[in-house]
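**Student:** Here's a structure for you.
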Amino acid sequence: MLKYLPYVLLFAVATAIIYGWGLWRSMQQGQDLSNMLCSKGISKVRKTLKKNGPMTRMELEPIVKDLTAKQPFTTEKMGITDPKTFLESILPYMMKQKMIQEIKENNKVKYQICK
């Protein structure tokens, strides 16, 4: 009986570690999905601006409207419900990181890829 005790304890420790990792991952899931969604949006905006040239915020809204993010092996999804608010959050970040720049044409603010 005593020879099985280390195996039982090892199994209990492994179970506790796996449970703790799953709990930590589920607590971080919302932030991870948000980061994935922002990353997808930034990539989509950069690709569109590179292809089409300078565009206004209104012209960029349909581009990011239907984006979703999902982690593998989960059913949880996150999507963009308000493209205007989403663009208000990522465009200043992109300008700060010098990915895009703001220009004014005919009293309209347009965004273009930094050269």
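The values are calculated or read from the model by the stated rules, or taken from the named source; none is laboratory data. Since we're looking at a predicted model, the values are computed, not measured. Don't worry about glycine lacking a Cβ; one is built from the backbone with ideal geometry, like all the others, and counts go over all protein chains shown. Ligands, DNA and RNA are stripped out before the accessible areas are found, and what is left, the full protein with its side chains, is counted by its heavy atoms. Shrake-Rupley method; radii C 1.70, N 1.55, O 1.52, S 1.80 Å.
**Student:** Of the accessible area of segment 4-113, with the probe set at 1.4 angstrom, what percent is carbon plus sulfur?
**Tutor:** 59 percent
**Student:** Same structure, new question: Using the heavy atoms of the protein chains alone and a 1.4 angstrom probe, what is the accessible area of the chain per residue in square angstrom?
**Tutor:** Accessible surface, normalised per residue, equals 76 Å².
**Student:** Which residues among segment 13-53 fall inside the zone where the amide N is under 18 Å from a point 7 Å beyond the Cα of THR74, along Cα→Cβ?
**Tutor:** Those under the cut-off are 18-41.
**Student:** Roughly how many nanometres apart are two label points built 7 Å out from the Cα toward the Cβ at ALA12 and LYS115?
**Tutor:** Taking the two extended label points, one gets 7.0 nm.
**Student:** Give me the percent relative contact order of segment 4-113, please, defined on Cα pairs under 8 angstrom at least 6 residues apart.
**Tutor:** 26 percent
**Student:** Give me the lysines in straight-line cross-link reach of LYS51: C-alpha distance below 29 Å, same-chain residues under 8 apart excluded.
**Tutor:** The reachable lysines, counting only those whose Cα sits under 29 Å from LYS51, are LYS40, LYS65, LYS70, LYS77, LYS84, LYS96, LYS98, LYS104, LYS108, LYS110, LYS115.
**Student:** Say R0 is 25 Å: what FRET efficiency, to the nearest 0.05, do ASP32 and GLN97 get from their beta-carbon distance?
**Tutor:** Given R0 = 25 Å and the Cβ-Cβ separation, E is 0.80.
**Student:** Can you pull the one-decimal nm distance between simple spin-label points at TRP24 and SER89, each 7 Å off the Cα toward Cβ?
**Tutor:** Distance between the two pseudo-spin positions: 2.5 nm.
**Student:** Through the Karplus equation 6.51 cos²θ - 1.76 cosθ + 1.60, θ set to phi - 60°, convert the phi angles of segment 77-94 into ³J(HN,Hα) values in whole Hz; use x for Gly and Pro.
**Tutor:** Along segment 77-94, the couplings run 10, 10, x, 8, 9, 10, x, 5, 5, 4, 5, 5, 8, 8, 4, x, 4, 5 Hz.
**Student:** Could you state the angle between the C-alpha long axis of helix 5-52 and the longest principal axis of the C-alpha atoms of the chain, as a value from 0 to 90 degrees rounded to the nearest 10?
**Tutor:** Helix 5-52 sits at roughly 10 degrees to that axis.
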